[in-house]
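This report concerns only the one structure given below.
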Amino acid sequence: MSYTIHKTLANMFILFLIFAGCHAQVENQRIVGGPCEGCEALVEDMPTHLNNSDTLPLFETAAQPLIVSGVVYEHNTRKSAEGVIIYFYHTNEEGIYPSYANDALWARRHGYLRGWTKTAKDGKYKFYTSRPASYPGRQEPAHIHITVKEPNTNPYYIDDILFADDPLLTLERKSQLRQRAGSGVVNPIVDNQGVQHVQRDIYLGSNIPNYD
Ligand SMILES: [Fe+2]
């Protein structure tokens, strides 16, 4: 066999390995959660190294600092889930998603009050942030959006964090919640520094379309 033919066959074999590898990756990626406008924001500007906690820009200066924590649980086994990315964004104390003029697409729409964490073995995560307000002149309760990405899924959204003491969170609204990854309704507890603490545990796959 000539050198040229040998080299061509070797190149073809390398291309086959690359193709097979890519194909396997797509196959391993489960598509769950149904349509989601903006779930791709999880990867835009995502820091390369993620910890199990993140501090958002207004935590130190906010009139109402807020610490959100929780545990992420695997589907069925209810064991703590490792390697889950949690993307989190919300309005400021005026009910606005504040952004900078030169922000990229999703940073402009979601604002700079956004952050990322990634769970370790214990499944725990924590965000240091500020309590959001409801949209001005509207009846939407104040909320924190959350998108999660498991190692083998696409990003999917889960029920927003909503505050049990929010007068806009009516019984009717509560009855309409879909409980994606469990309930997002939280009860703030105030510590002696005036910081509010809430717990939002995340039950992966619970009420998530196409998960099972
Ligand atoms: Fe919103």
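Numbers below:
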read-out: Cα→Cβ-extended label distance, 7 Å offset, between ASP212 and ARG138, nm; value: 3.4 nm
read-out: The range 126-189: C-alpha gyration tensor shape, a/c 1.5 cut-off, then a/b vs b/c; value: prolate
read-out: Stretch gain in nm, segment ASN154-ILE189, where the contour uses 0.36 nm per residue and the Cα spacing is subtracted; value: 9.3 nm
read-out: Amide H within-cut-off set for VAL84, under 5 Å, with H built and near neighbours excluded; value: THR119
read-out: SER130 long-range amide H proximity, modeled H, under 5 Å; value: LEU66
read-out: Cα-based helix-to-principal-axis angle, 3-28 vs the chain, degrees rounded to 10; value: 30 degrees
read-out: Under the Karplus curve 6.51 cos²θ - 1.76 cosθ + 1.60, θ = phi - 60°, whole-Hz ³J(HN,Hα) for the range 47-62, x wherever Gly or Pro sits; value: x, 5, 10, 10, 10, 8, 9, 8, 10, 8, x, 9, 4, 6, 10, 5
read-out: Dipole of the chain, positive end: most advanced residue of TYR87, ASN192, PRO98 [Cβ charges, Cα centre]; value: TYR87
read-out: In Hz, Karplus ³J(HN,Hα) per residue of the range 165-170 (6.51, -1.76, 1.60; θ = phi - 60°; x = Gly, Pro); value: 8, 7, x, 7, 8, 7
read-out: P(r) weight above 20 Å for the range 31-203, C-alpha pairs, percent; value: 51 percent
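Read-outs: derived from the displayed coordinates by stated rules, not from any lab. For clarity, every value in this text was computed on a predicted model and none was experimentally measured. For neighbour counting, all protein chains shown are included, and Cβ atoms are generated from backbone atoms with ideal geometry for every residue, glycine included.
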